[in-house]
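First the structure, in the form of structure tokens, and then the observations on it.
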Amino acid sequence: MIVKCPACAARFRLDREKLAGKRVTMRCARCRSPFKVELPHTQRSKAAKQVRVMIAHSDSEICGTIRSLVEDAGYEAALGHNGAEVLAAMDAMRPQVAIVDVALEGLYAFEVVDKVRRRPGLQNVKIILLSSVYNKAAYKRAPNSLYDADDYIEKHHIPDDLILKINRLLIGAAPTTEAAGKGEVEKSGDQLSAAEGA
């Protein structure tokens with residue numbers, strides 16, 4: 001499993017099997033900043049199955065990739081390919097998290113966010129905007145300026161960062177903003193010190 005330092009964006013590989021179900025405090029080998037990581041259980045627990053994630057994208061291949069990641073993390077997933085379909089599915093399933101493409105067919109992401117925030121029972125859904133176009137300067141703003149969404153992710157970061165972002169939002173932690181232009185260094189988890197286990 002890959003985790004990122006929220007301060008410098010250095011990447012670290014952790015043994016998911018060894019640390020499953022634990023919350024650890026780590027110190028970045030690059031910038032020396034401490035940060036916490038919560039690793040989900042490897043087996044699907046009953047509590048994890050209750051977490052529902054809505055995936056809203058017009059590209060079925062991207063939806064399939066995200067669905068696999070979400071289900072591998074032990075969460076339930078539902079797919080929608082246009083704005084009206086997504087809103088109807090969200091009314092029916094009451095997800096805790098929604099991943100919404102910024103250029104969703106039928107409704108743009110900001111319209112989806114606005115409608116979800118106004119719907120009874122959906123006001124607390126955590127929304128992650130998905131940008132399909134890679135641009136280092138795009139969306140490098142505080143999440144509160146992202147049309148009232150809770151976080152964002154670019155398509156090329158989905159495999160490494162999506163589940164971390166979902167978990168962060170589910171435990172109520174504030175999303176981190178990545179500094180533009182910072183390089184990413186992958187290091188072994190053995191170079192980190194784990195000070196706390198749950």
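Results, tabulated for the structure shown:
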item	result
Estimated FRET transfer efficiency (E61, C31; beta-carbon r; R0 35 Å; 0.05)	0.45
Q50-E85 pseudo-label distance in nm [points 7 Å out on the Cα-to-Cβ vector]	3.0
Descending semi-axes in whole angstrom, ellipsoid equivalent of segment 70-120, from the Cα gyration tensor	19, 13, 10
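None of the figures in this text is laboratory data; all of them are computed from the coordinates on show. Keep in mind it's a predicted model, so treat the numbers as computed, not measured. With ideal geometry, Cβ positions are generated from the backbone for all residues, glycine too; neighbour counts draw on all protein chains shown.
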